[in-house]
Amino acid sequence: MVPLSFANHLFHVAGPAALYWPVHKALLVADLHLEKASFYARQGQMLPPYDSRATLDELASLITKTAAETVFCLGDNYHDDDGEARLEGEAARLLETLTRNTRWVWISGNHDRDVSGLWGGEVITEWIGDGLALRHEATPDTDLPEISGHFHPKLRVPVRGRHVSRRCFVKGEKHLIMPAFGALTGGLAANHSAIEEAVAGPAEAVIALKEKLVCFDLGFASASSRSQQEITPKTQLTLPLAIANS
């Protein structure tokens, strides 16, 4: 895991899309979008029905790796309001085991406003503590520094005539937006105007590369960033190639 400092708190990036908060022995994830495949199947678009199990298997592995005692899920935990009741049997059994063995906090999102904790865990709209807010969607004029999800930020960089795409964190002075954790989630370009408006100030895209963080300036301080087509790394060196080969 790679250390990441935000709002005078120490976190560790755990895998490509999770944070571990040592002081609370807590794992933070966002946008699981459980049962997305079954939602699309109902619309006639057949997808392999294993996304929920894959997502929860990965989450279970991180809980074991970090020895987390609390899990915060920052909204859009299910892809739709019916997804909680529709959760596939094996995935439901795994989730019940996870919520029984850890303190589990569901923060509701725009996709699952009616999440109830059917398979265990407590449900809240946001969590505030230690001078920090955990919520689903970033608040541009937030009073407290906040960690959120919702946007599924991804970083796209040119490498030898092609582009490499990676999930990333977007970090501003008072905002830290997490990438989507779910196995079947898409992404929004980290320099998209919607993210710029949410962060409301200078920000950088952050990924963990082996033993260090790699940061890319998103250029949000300039008006021209809204039409920016590619993200330029803060330091050229060999970072794009390293990302491609990691």
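Considering every Cα-Cα pair within the chain, what fraction, in whole percent, is farther apart than 25 Å? That tail contains 41 percent of the Cα-Cα pairs. Summarising the amide proton neighbourhood of Asp76: residues at separation of 5 or more, or on other chains, whose placed amide H is nearer than 5 Å comprise Gly109, Asn110, His111, Asp112.
What value does segment 58-171 have for Rg/Rh, both radii from Cα atoms and Rh as Kirkwood defines it? Before the final figure, lay out the partial values.
Values: Rg = 16.2 Å, Rh = 15.8 Å.
So for segment 58-171, dividing Rg by the Kirkwood Rh gives 1.02.
Taking the Kirkwood radius as Rh and the Cα radius of gyration as Rg, segment 12-110 has a ratio of Rg/Rh equal to 0.98.
Between amide H atoms placed 1.01 Å from N, distances below 5 Å from Ala18 occur with no residue 5 or more places distant or on a separate chain. Expressed as a whole percent, the accessible surface of the chain that belongs to carbon and sulfur atoms is 49, based on a 1.4 Å probe. Note on Ser5 and His24: their simple-model spin labels are 2.1 nm apart, each label 7 Å out from Cα toward Cβ. Here, segment 73-139 is characterised by an Rg to Rh ratio of 0.99, where Rg is the alpha-carbon radius of gyration and Rh the Kirkwood radius. Relative to the dominant Cα principal axis of the chain, helix 89-101 is inclined by about 80°. Judged by the gyration tensor of its Cα atoms, with axes a ≥ b ≥ c, segment 123-226 is prolate; a/c meets the 1.5 cut and a/b is the larger of a/b and b/c.
For the chain, the longest principal axis of the Cα atoms and the long axis of helix 51-66 meet at an angle of about 80 degrees.
In order along segment 199-216, the phi-based Karplus estimate (6.51 cos²θ - 1.76 cosθ + 1.60, θ = phi - 60°) of 3J(HN,Hα) comes to 6, 6, x, x, 7, 9, 8, 10, 10, 8, 10, 6, 9, 8, 8, 10, 10, 10 Hz; Gly and Pro are listed as x.
Quick check for you: with a 1.4 Å probe and neighbouring chains kept, what is the accessible area per residue of segment 123-214, in Å²? Kindly include the intermediate steps, with their values, before the conclusion.
Numbers: 3990 Å² over 92 residues.
Result: 43 Å² of accessible area for each residue.
When only the heavy atoms of the protein chains count and the probe is 1.4 Å, how do Tyr20, Tyr78, Tyr50 rank by accessible area, highest first?
Numbers: Tyr20 25, Tyr78 5, Tyr50 130 Å².
Largest accessible area first, the list is Tyr50, Tyr20, Tyr78.
Kirkwood hydrodynamic radius, segment 123-172, all distinct C-alpha pairs: what's the number in Å?
On the way: mean 1/r = 0.0770 Å⁻¹.
Averaging 1/r across every pair of different Cα atoms and inverting gives 13.0 Å.
When the residues Asp217, Asp76 are ordered by accessible surface, computed with a 1.4 Å probe over the protein chains alone, the sequence from largest down reads Asp217, Asp76.
The values are calculated or read from the model by the stated rules, or taken from the named source; none is laboratory data. Here the structure is a predicted model, which is why all the values come from computation and not from measurement. Ideal geometry is used to build each Cβ from the backbone, glycine not excepted, and the neighbour counts take in all protein chains shown. Protein only, heavy atoms only, side chains kept; ligands, DNA and RNA dropped before computing areas. Shrake-Rupley method; radii C 1.70, N 1.55, O 1.52, S 1.80 Å.
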